[in-house]
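What follows is a single structure, written as structure tokens, with notes after it.
The values are calculated or read from the model by the stated rules, or taken from the named source; none is laboratory data. Keep in mind it's a predicted model, so treat the numbers as computed, not measured. Cβ placement follows ideal geometry from the backbone for every residue including glycine, while neighbour counts extend to all protein chains displayed. Side chains are part of the model used for accessible areas, which takes the heavy atoms of the whole protein and leaves out ligands, DNA and RNA. Shrake-Rupley method; radii C 1.70, N 1.55, O 1.52, S 1.80 Å.
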Amino acid sequence: MAHVAPHTDFAPLIVAPTERVFVLTGAGISAESGIKTFRDVNGLWEEFRVEDVASPEGWRKDPTLVWRFYSDRRAQAKTCLPNPAHEALAQVEARLGERLFLCTQNVDPLHERAGSKRAVHMHGELFKSRCEDDACDVPPFEDAGEYRGDAALPRCRCGARIRPHIVWFGEVPFDLEAIGDALLGSALFVTVGSSGSVYPAAGFVRAARATGARTVYVGPERPENASAFDECRLGNATAVLPTLFA
Ligand code: NAD
């Protein structure tokens with residue numbers, strides 16, 4: 001059973017010189033930067049139905065709507081700054097180097113803007129696009145463009161449509177092999193601001209625990225997978241992260 005208490009009741013986490021740390025971040029770490037979580041919006045994500053804008057079916061049905069949604073997300077993210085929680089994790093990376101595996105479910109670029117160099121974006125990146133044809137040899141590319149209206153739908157040089165480089169519901173997340181290896185080798189597993197409802201990410205804690213890792217959750221409320229954590233440290237990410245590690 002998880003020990004659930006305010007973060008201030010716990011001692012800072014100590015990482016021994018050879019130990020590896022796995023940190024999984026979710027939408028909650030970016031909430032205080034002004035990016036809404038799924039949870040905040042009761043199944044509507046910024047006024048859109050998730051299945052209309054974040055699924056292969058939605059893309060097939062109405063790519064113009066999908067691009068309008070991601071164009072709005074890009075416009076909003078351009079105005080958002082990283083917060084002290086992103087900055088604290090960048091400092092942990094500077095200290096631990098490759099002994100930190102930072103995996104994020106977020107598509108926003110706030111870890112990078114805070115200075116993290118090796119964040120693994122398992123659900124893709126808001127400021128990248130790619131050809132919708134998996135057989136096309138054009139790789140994913142940086143793209144801050146905003147595409148609204150029928151005429152503006154971007155096309156690849158092969159003729160197929162360009163889509164956001166986002167893992168939609170029903171698609172396979174990126175980098176699962178590297179993530180699996182990192183989970184196996186970590187002595188400490190920390191999740192920050194994730195409801196524990198989106199799989200496979202919500203199952204990482206059990207994989208880490210099965211190999212003997214200490215498992216810690218950080219957020220203002222218990223996640224759905226709370227029982228798999230040794231500790232739930234209650235508090236907002238910006239209040240907890242700067243003092244989470246010794
Ligand atoms: P979620 O919306 O399901 O849950 C958000 C969690 O954050 C909740 O448990 C909530 O208690 C917690 N939270 C809220 N404010 C917080 C704060 N200040 N500090 C710490 N925690 C806080 O998010 P999820 O579990 O990450 O899963 C949702 C999916 O939505 C992911 O697949 C992700 O790709 C996508 N998403 C991404 C973004 C982004 O890129 N920033 C934003 C919304 C959704």
The size of the Cβ-based charge dipole (Lys, Arg +1; Asp, Glu -1) of the stretch 1-154 about the Cα centre, to the nearest 20 debye, is 380
With a probe of 1.4 Å, find how much accessible area the chain has per residue, and write the answer as a whole number in Å². 47
Loop-only check: which GluC sites (Glu not before Pro) in the stretch 165-246 are DSSP coil with at most 13 other Cβ within 10 angstrom? Glu171, Glu221, Glu224
Based on the Cα atoms of the stretch 141-209, what semi-axes does the equivalent ellipsoid have, where each is the square root of 5 times one gyration tensor eigenvalue, given in whole Å with the largest first? 35, 14, 11
Tell me which residues come under 5 Å, amide H to amide H, from Cys232 once H is placed; ignore anything under 5 positions away on its chain. His3, Val4, Ala5, Tyr217
Pairs of alpha-carbon atoms within less than 8 angstrom and 6+ residues apart define the contacts here; what relative contact order does the chain have, in percent? 29
Under the Karplus relation with 6.51, -1.76 and 1.60 and θ = phi - 60°, whole-Hz ³J(HN,Hα) for the stretch 191-203, x at Gly and Pro, equal 10, 10, x, 9, 5, x, 10, 9, 9, x, 4, 5, x
For the stretch 53-60, Karplus couplings with θ = phi - 60° (6.51, -1.76, 1.60), whole Hz, Gly/Pro x: 10, 9, 8, x, 5, x, 5, 5
Quick one: if the Förster radius is 25 Å, what FRET efficiency do Asp40 and Lys61 give, using the C-beta to C-beta distance and rounding to 0.05? 0.45
Roughly how many Å is it from the Cα centre of the stretch 111-130 to that of the stretch 64-78, as a whole number? 16
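If you roll a 1.4 angstrom probe over the protein chains with everything in place, what fraction of the accessible area of the chain belongs to carbon and sulfur, to the nearest %?
So the carbon and sulfur contribution to the accessible surface is 53 percent.
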Quick check on the chain: of the DSSP beta bridges with both residues there, what percent are antiparallel, nearest 5%? 25
Under a point spin-label approximation (7 Å from Cα along Cα-to-Cβ), what is the Glu221-Glu142 distance to one decimal in nm? 3.8
The answer for the longest stretch of the chain without any exposed trypsin sites (Lys or Arg not before Pro) (DSSP loop, at most 15 further Cβ atoms within 10 Å) is 158-246
I need the phi-derived Karplus couplings for the stretch 159-173: 6.51 cos²θ - 1.76 cosθ + 1.60, θ = phi - 60°, integer Hz, Gly and Pro marked x. x, 6, 7, 8, 10, x, 8, 10, 8, 8, 4, x, 9, 8, x
